[in-house]
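All of the numbers you see were taken from the coordinates with simple rules; none came from a lab. Worth saying up front: this structure is predicted, and the values here are computed from it rather than measured. Don't worry about glycine lacking a Cβ; one is built from the backbone with ideal geometry, like all the others, and counts go over all protein chains shown.
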Amino acid sequence: MGNTYDTRTKEVTAKIPFPQDLLDKIEEITKRYPAGKQKSALIPVLHIAQKQNEGWLSIPVMDYVAGLLHITPIEVYEVATFYTMFNLKPVGKFVLEVCRTGPCCTRGAEKMIEYIEQKTNCKVGANSADGLFTIKAVECLGACGYAPMLQLGDSFVEFLTEEKVDSLINELKNK
Amino acid sequence: MSKKLLLEHINVPNILGFEAYRSKGGYTSVEKALKTMSPEAIVEEVKKSGLRGRGGAGFPTGMKWSFLAKPEGIPRYLVCNADESEPGTFKDRYLMEKLPHLLVEGMIVSSFALGANTSYIYIRGEYMWIVGILEKAIAEAKANGFLGKNILGSGYDLELYVQPGGGAYICGEETALLESLEGKRGNPRMKPPFPAVKGLWQSPTVVNNVETIAAVPWIVNNTGDEYAKIGIGKSTGTKLISAGGNINRPGVYEIDLGLPVDEFLNSDEYCGGIANGKKFKAVVPGGSSVPILPAELFYKTANGEDRLMSYESLADGGFATGSMLGSGGFIVYDEDQCIVRNTWNFTRFYNHESCGQCSPCREGTGWMLKVLHKIEHGQGSMEDIDLLWDIQRRIEGNTICPLGDAAAWPVAAAIRHFREEFEWHIKNPAECMVRNYGLKKSTLELSFN
């Protein structure tokens with residue numbers, strides 16, 4: 001898997017503890033499973049934690065999640081490092097995840113990735129200097145019929161063209 | 001014109017909502033099942049229907065259901081596999097986005113048939129907005145008495161939850177999915193025991209694909225015999241095909257199994273032929289894992305018959321001249337597409353998605369990737385083709401889960417059918433090194449290579 005754990009990112013975050021509404025939501029999720037199986041809530045809770053922590057999972061946040069679910073920190077780390085949606089380093093305000101898999105490539109995905117790199121002045125795998133963007137080249141997102149495409153937060157932007165990328169980047173810069 | 005069993009009401013206004021869905025006969029299968037049928041009778045109808053798992057393996061659903069162990073006092077689970085990640089496949093997403101109530105209805109009837117009182121829809125994390133769509137549909141179904149305690153006064157209880165994954169192709173494999181649902185890394189389990197005996201939290205579990213579950217309401221409403229009348233031979237019913245690549249009309253199509261491939265690829269009702277007036281080169285008919293078929297093998301089977309969109313016809317002749325229907329991810333390549341580059345791309349995918357548990361897959365996909373990278377960039381030798389063949393042969397069949405096979409087959413098929421293209425790369429290194437597919441830089445300089 002692509003993620004590697006970065007032990008240098010140890011700064012304590014101000015996002016802990018989570019606000020009560022998030023804790024209530026987490027409590028509700030743990031009740032979806034039989035008693036004693038609350039570890040099943042880990043992935044849904046990590047999504048919540050990542051959103052709360054500006055798009056990435058720091059060690060203090062993961063340790064905090066371990067405490068919430070009554071599991072050991074290592075159980076959280078081994079899951080967070082396995083799944084590609086979890087960022088283990090700080091990310092830009094907007095994470096553009098562009099599909100690089102075969103079907104999208106038949107319809108020009110690589111050109112789009114190159115263009116997005118150029119427009120944001122940011123390489124794949126890096127954050128832009130202004131802290132606005134992180135570009136990720138990711139594997140198939142299930143939108144091959146609407147290629148090329150990228151994921152931005154909880155939504156997809158499909159049938160990408162240079163013009164569409166221009167207006168998206170401008171829109172995000174002004175947000 | 002194929003029948004529309006799944007997508008019939010897809011264009012009805014407000015079909016995302018309970019009212020519109022109900023007005024079109026939605027949830028009648030729940031009423032029929034809970035009020036007039038025994039769980040065993042539903043399993044029997046599904047068996048008669050000949051419905052086969054729509055996730056890719058094509059295993060008979062009724063048989064899978066009948067394997068479910070039923071020990072006293074131990075809960076059973078139904079888990080819907082909505083971890084759609086096979087490159088080329090986007091049909092489950094379409095179904096869930098457009099007709100969430102159909103999946104919810106299917107989950108209720110199927111859970112009742114299996115005696116499950118808690119069921120989960122495990123959806124890939126990237127489809128996060130669909131989690132909301134499904135949860136809204138579930139809340140509406142519950143508010144109308146189709147979920148929760150004592151559904152329709154039948155005494156049957158069911159809770160249904162949506163669980164997002166974290167981004168891992170391997171979690172589409174059913175035991176990896178169960179590990180992930182238990183809050184762990186998606187490492188597939190050794191089988192046996194199969195999930196039907198020891199699945200979620202070691203309880204008997206059935207895992208079914210979204211499209212499989214969505215077919216159940218129609219079967220309950222219209223009987224398994226009626227379903228079996230659609231299609232051809234052991235490929236009964238309809239199938240959603242996700243069509244992509246270099247075609248005029250990419251999208252999701254519901255076809256009667258047995259539709260001629262010629263009609264599917266070239267008629268304006270479906271793919272609408274190859275885009276931009278280009279020539280048809282090859283097709284991967286069932287998602288990236290299945291062997292690629294060159295144009296000259298696509299239209300006719302080994303016996304010279306017209307090839308059909310069915311499990312049997314697409315596989316006709318084995319891998320020598322056939323492929324697989326798989327998940328129905330239909331990827332079309334025009335004459336401009338480089339098969340070596342596409343094979344390298346898919347191998348990068350499998351290398352990236354290997355869970356790392358089994359050495360042949362973990363190491364083998366990496367070795368194949370390196371050899372393919374060399375060949376694609378004009379640095380390969382003729383021996384590398386044989387080396388590649390040797391590596392894929394040693395992965396296939398030697399891993400816990402089918403990801404190893406899925407990584408090996410595309411490489412084997414590319415060499416089998418397009419060996420001359422590999423040889424061209426080796427004989428023309430200078431051209432390969434400067435080739436850039438319309439990019440500004442050469443592919444060797446790309447940051448995402």
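Mind putting a number on the dipole of the protein assembly as shown about its Cα centre? Charges go on the C-beta only, +1 for Lys and Arg and -1 for Asp and Glu, and I need it in Debye to the nearest 20.
In total the dipole reaches around 720 debye.
Would you mind getting me the FRET efficiency between A:Asp130 and B:Ile232? Use the beta-carbon distance for r and R0 = 41 Å, nearest 0.05.
Once the sixth-power term is evaluated, E becomes 0.10.
Out of B:Ile375, B:Gly106, B:Met324, whose Cα points farthest toward the positive end of the dipole of the protein assembly as shown (charges: +1 Lys, Arg; -1 Asp, Glu; placed on Cβ)?
B:Gly106
Based on the Cβ-Cβ distance from B:Glu19 to A:Leu152, what FRET efficiency comes out when R0 is 35 Å, to the nearest 0.05?
The formula returns an efficiency of 0.65 here.
Of A:Gln118, A:Gln52, A:Gln20, which has the largest mean-square fluctuation in a 10 Å C-alpha GNM of chain A?
In this elastic network of chain A, the residue with the biggest mean-square fluctuation among A:Gln118, A:Gln52, A:Gln20 is A:Gln20.
With each pseudo-label sitting 7 Å past Cα toward Cβ, what's the B:Asp386-A:Gln20 distance in nm, one decimal?
It works out to 7.4 nm between the two label points.
Using the Cβ atoms and a cut-off under 11 Å, what net charge is assigned to the surroundings of A:Ala41, where Lys and Arg are +1 and Asp and Glu are -1?
+2
Report, for chain A, the % of DSSP beta bridges that are antiparallel, rounded to 5.
So the antiparallel bridges in chain A amount to around 50 percent.
Specify the residue with the greatest mean-square fluctuation among B:Ser242, B:Ser154, B:Ser381, computed from a Gaussian network of chain B linking alpha-carbon atoms under 10 Å apart.
Checking each option, the largest mean-square fluctuation is seen for B:Ser154.
Can you tell which of B:Leu387, B:Leu68, B:Ser29 lies farthest toward the positive end of the dipole of chain B, using +1 and -1 charges on the Cβ of basic and acidic side chains (Lys, Arg; Asp, Glu)?
Value computed over the given set: B:Leu68.
What whole number of Å gives the distance from the Cα centroid of segment B:385-449 to the Cα centroid of segment B:265-339?
A separation of 20 Å, based on Cα centres.
Taking the Cα centre of chain A as origin and charging only Cβ (+1 Lys, Arg; -1 Asp, Glu), how large is the dipole, in debye to the nearest 20? Display every interim value, and only then the final one.
Values: 20 positive and 22 negative charges, 38 e Å.
So the magnitude is around 180 debye.
Quick check for me: using +1 on Lys/Arg Cβ and -1 on Asp/Glu Cβ, what's the dipole size of chain B about its Cα centre, in debye to the nearest 20?
In total the dipole reaches around 600 debye.
Just list whichever of A:Lys25/A:Lys51; A:Lys93/A:Lys136; A:Lys51/A:Lys89; B:Lys47/B:Lys234; A:Lys39/A:Lys89 have alpha carbons separated by over 19 Å in the model shown.
Pairs exceeding the cut-off: A:Lys39/A:Lys89.
By its C-alpha gyration tensor, with a ≥ b ≥ c as the square roots of the eigenvalues, how is segment B:295-449 shaped: rounded for a/c under 1.5, else prolate for a/b larger than b/c, else oblate?
oblate
Which value at 222 nm does chain A reach when only helices count, each DSSP H run of 4 or more adding -39,500 (n - 2.57), with the total divided by all residues and rounded to the nearest 500 deg cm²/dmol?
Result for chain A, helices only: -11500 deg cm²/dmol.
If I stretch the segment between B:Glu31 and B:Lys300 completely, what's the gain in nm (0.36 nm per residue apart, minus their alpha carbon distance), one decimal?
That works out to 92.3 nm of additional length.
222 nm [θ] for chain B, helices only, -39500 (n - 2.57) per DSSP H run of 4+, per residue, to 500? Don't skip to the end; give the middle numbers.
Working: 19 runs with 194 residues, N = 449.
The per-residue figure over chain B is -13000 deg cm²/dmol.
How far is it, in nm, from the label point at B:Lys191 to the one at B:Asn428 when both lie 7 Å from their Cα along the line to the Cβ?
Reported label-point gap for B:Lys191 and B:Asn428 is 4.4 nm.
P(r) for the protein assembly as shown, please, calculated from all Cα pair distances in 10 Å bins and given in %.
Once binned at 10 Å, the Cα pair distances of the protein assembly as shown give 3, 16, 27, 28, 18, 7, 1, 0.
Strictly over 18 Å apart at the Cα level, which of B:Lys48/B:Lys229; A:Lys31/B:Lys191; B:Lys64/B:Lys198 would you flag in this model?
A:Lys31/B:Lys191
Find out how many positive minus negative residues lie around B:Leu7, taking Lys and Arg as positive, Asp and Glu as negative, among other residues whose Cβ is under 11 Å from that of B:Leu7.
Values: positive: B:Lys3, B:Lys4, B:Lys91, B:Lys98; negative: B:Glu8, B:Glu211, B:Glu254.
It works out to a net charge of +1.
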